[in-house]
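These notes concern the structure reproduced below.
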Amino acid sequence: MNTDKRTLNIGLFGFGCVGYGLYSVIGKTPGLKVNIKRICIRDESKERPVKLPLFTADKYKILDDPDIQVVVELIDDADAAWEITQLALRKGKAVVTANKKMLAEHMEEILELQKIHGRPVLYEGAVCASIPIIRNLEEYYDNDLLQKIEGIVNGSTNYILSKINKDNTTYLNALQEAQELGYAESNPLLDTGGFDAKYKLLILLAHAFGTIVKPEEILNIGIQNLGDLEIQFAREKGYKIKLIAQAYRNEDETVTAFVAPQFVKPHQQLYAVDDVYNGVIAESAFSENQFFYGRGAGAFPTASAVLSDISALTYQYKYEYKKMKQIHYPISTDVTLTLFVRFSQEHEKSIAGYFEKIEETYSNRNSQFIIGKMQLGKLKQLKETYPELSVIVAN
């Protein structure tokens, strides 16, 4: 890696929560050779935390400026972020982004554009905010044979599930509180449906195993159908329910990846990861089990990761994607999971047919559950047929 540190002129897209956080932390970081030259915003009439002469609504004042070497993209719109990323790379600028949906949907194209134009795209802030998991996968685990990566990667759902556990409340009450505090959107399905966690998992897959797949190829089950029956079941057993993204290497040199709620026992490392914190476990052949923990949401934790990428660019850092040049691991759904599935009684016979083996059943006046073995591919079919089911991984 080149260690010739240089001053970078930045063009920043977006001045919301994270954009303002980045502006603030850059101002408090002495010695960092970075200058924000221009900030592109959508609405120039909107009130901002600070008034700056740098604001513009014209994206080309950044993209066409030859003195700007780095475009930092921190907007919510994945399609607009993709357009900015393409244009910036084609104009010879490096890109730093935190848009996990854009990265997950266009990873293959981003890799190709980096090769064609010789400029890097860095995105530590897209996964787990303050936890430097991508850089660790790239550098520390570059030649270590990873067996598994799993974790709590969405702060909003973890806050909701933590409130359910600590306050003995319902899912709907916990969701409402998360919305009032700004941890969940008015339409929270991106988080509660497991989509945000899936996008992050797809990014981790590329760096952990060198595997690139489209979002629709990976099953994501969220917590939006969580009900009192399974919450009470977890309390009685001393478990916590956590939304976990995981990918692991199988003996046949395939990789299995999915997002789903899971019963977590007190001795497991993810049990203690509560509120808006994230935790990631990397399990490898040589260094065994390592645990990364940190704040997974918020302006300053995400801005700190973005700042780390900007600082790395002052040394001409780029991802090498070494795992993609090694063995190829295709995705497999030919694995069996132990599942807790809650459903209404009229669907009992049809749902029972998806299980390879039923280990436990329970029913009351309103609903019932089955615990048993099911193939991941069958689970995907089950959720497509009955999207209202509550499903929790029980192994």
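The values are calculated or read from the model by the stated rules, or taken from the named source; none is laboratory data. Owing to the predicted nature of the structure, the values given are computational and were not obtained by experimental measurement. So basically every Cβ, Gly included, is an ideal-geometry build from the backbone, and we count neighbours across all protein chains shown.
Yes or no, residue by residue, for (1) more than 28 Å from the chain's Cα centre (by Cα); (2) surrounded by 13 or more Cβ atoms within 10 Å (Cβ to Cβ):
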residue	(1), (2)
LEU12	no, yes
TYR20	no, yes
VAL25	no, yes
LYS37	yes, yes
GLU44	yes, no
PHE55	yes, yes
LYS61	yes, yes
ILE75	no, yes
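Check region 321-341 and report whether any residue there is more than 30 Å from VAL18 (Cβ to Cβ), touching a residue at least 12 places away in the same chain (Cβ under 8 Å) and basic (Lys, Arg).
Within region 321-341, one or more residues are more than 30 Å from VAL18 (Cβ to Cβ), touching a residue at least 12 places away in the same chain (Cβ under 8 Å) and basic (Lys, Arg).
Any residue that is surrounded by fewer than 17 Cβ atoms within 10 Å (Cβ to Cβ), of a type in the set (S, T, N, Q), touching a strand residue (DSSP E or B) at 6+ places or on another chain (Cβ under 8 Å) and in contact (Cβ under 8 Å) with a residue 12 or more places away in the chain - is there at least one of those in region 194-212?
Within region 194-212, not a single residue is surrounded by fewer than 17 Cβ atoms within 10 Å (Cβ to Cβ), of a type in the set (S, T, N, Q), touching a strand residue (DSSP E or B) at 6+ places or on another chain (Cβ under 8 Å) and in contact (Cβ under 8 Å) with a residue 12 or more places away in the chain.
Residue-by-condition table, conditions (1) part of a loop (DSSP other than H, G, I, E, B); (2) in contact (Cβ under 8 Å) with a residue 40 or more places away in the chain:
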{"position": "ASP76", "(1), (2)": "yes, yes"}
{"position": "TRP82", "(1), (2)": "no, no"}
{"position": "HIS106", "(1), (2)": "no, no"}
{"position": "ALA129", "(1), (2)": "yes, yes"}
{"position": "ASN136", "(1), (2)": "no, yes"}
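Given the criteria touching a Ser or Thr at 6+ places or on another chain (Cβ under 7 Å) and acidic (Asp, Glu), does ASP191 qualify?
yes
Hey, can you tell me all the residues within region 315-345 that are outside any loop (DSSP other than H, G, I, E, B) and either of a type in the set (Asp, Glu) or modelled with pLDDT under 95 (or both)?
LYS322, LYS323, MET324, LYS325, PHE343, GLN345
Going by what's in this entry, would TYR159 be described as assigned to a loop (DSSP other than H, G, I, E, B), aromatic (Phe, Trp, Tyr) and farther than 30 Å from THR254 by Cα?
Taking the combined requirement at face value, the residue does not satisfy it.
Are there any pairs with C-beta distances below 8 angstrom linking a residue in region 18-30 that is more than 15 Å from LYS51 (Cα to Cα) to a residue that is small (Gly, Ala, Ser) and assigned to a helix (DSSP H, G or I), with the two at least 6 apart or on different chains, and if so which?
Pairs found: VAL18/GLY125; VAL18/ALA299; VAL18/ALA303; LEU22/ALA303; VAL25/ALA303; VAL25/SER304.
I need a count of the residues in region 20-49 that are outside any strand (DSSP E or B) and touching a Ser or Thr at 6+ places or on another chain (Cβ under 9 Å).
The initial filter retains those residues of region 20-49 that are outside any strand (DSSP E or B), namely 20-33, 41-49.
Then keep just the ones that are touching a Ser or Thr at 6+ places or on another chain (Cβ under 9 Å); that gives 21-22, 25, 29, 32-33, 41, 44, 49.
The number of residues fulfilling the criteria is 9.
When residues of region 242-289 are filtered for being assigned to a loop (DSSP other than H, G, I, E, B), without any contact (Cβ under 8 Å) to a residue 60 or more places away in the chain and under 16 Å from SER162 (Cα atoms), how many remain?
Here the count works out to 3.
Exactly one of (1) in a loop (DSSP other than H, G, I, E, B); (2) modelled with pLDDT of 95 or more; (3) not acidic (Asp, Glu) is unmet by PHE292. Its number?
Unmet for PHE292, out of (1) in a loop (DSSP other than H, G, I, E, B); (2) modelled with pLDDT of 95 or more; (3) not acidic (Asp, Glu): (1).
Need a quick list: helices (runs of 4 or more DSSP H) entirely within region 189-241 having at least 2 residues that are under 16 Å from MET102 (Cα atoms).
Per the criteria, 189-192, 195-208.
With respect to PHE355, determine if the residue is more than 30 Å from VAL25 (Cβ to Cβ), free of Cβ contacts under 8 Å to residues at least 24 places away in the same chain and in a loop (DSSP other than H, G, I, E, B).
Working: more than 30 Å from VAL25 (Cβ to Cβ): yes; free of Cβ contacts under 8 Å to residues at least 24 places away in the same chain: yes; in a loop (DSSP other than H, G, I, E, B): yes.
Yes, satisfied.
This table checks each residue for (1) of a type outside the set (Lys, Arg); (2) at positive phi; (3) modelled with pLDDT under 95.
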{"residue": "LEU87", "(1), (2), (3)": "yes, no, no"}
{"residue": "VAL96", "(1), (2), (3)": "yes, no, no"}
{"residue": "GLU109", "(1), (2), (3)": "yes, no, no"}
{"residue": "LEU113", "(1), (2), (3)": "yes, no, no"}
{"residue": "HIS117", "(1), (2), (3)": "yes, no, no"}
{"residue": "ALA129", "(1), (2), (3)": "yes, yes, yes"}
{"residue": "GLU138", "(1), (2), (3)": "yes, no, yes"}
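Of everything in region 212-271, what is among the small types (Gly, Ala, Ser) and either touching a Cys at 6+ places or on another chain (Cβ under 7 Å) or modelled with pLDDT of 95 or more (or both)? Give them in sequence order.
If the condition is that a residue be among the small types (Gly, Ala, Ser) and either touching a Cys at 6+ places or on another chain (Cβ under 7 Å) or modelled with pLDDT of 95 or more (or both), then GLY222, ALA234, GLY238, ALA245, ALA247, ALA257, ALA260 are the ones that fit.
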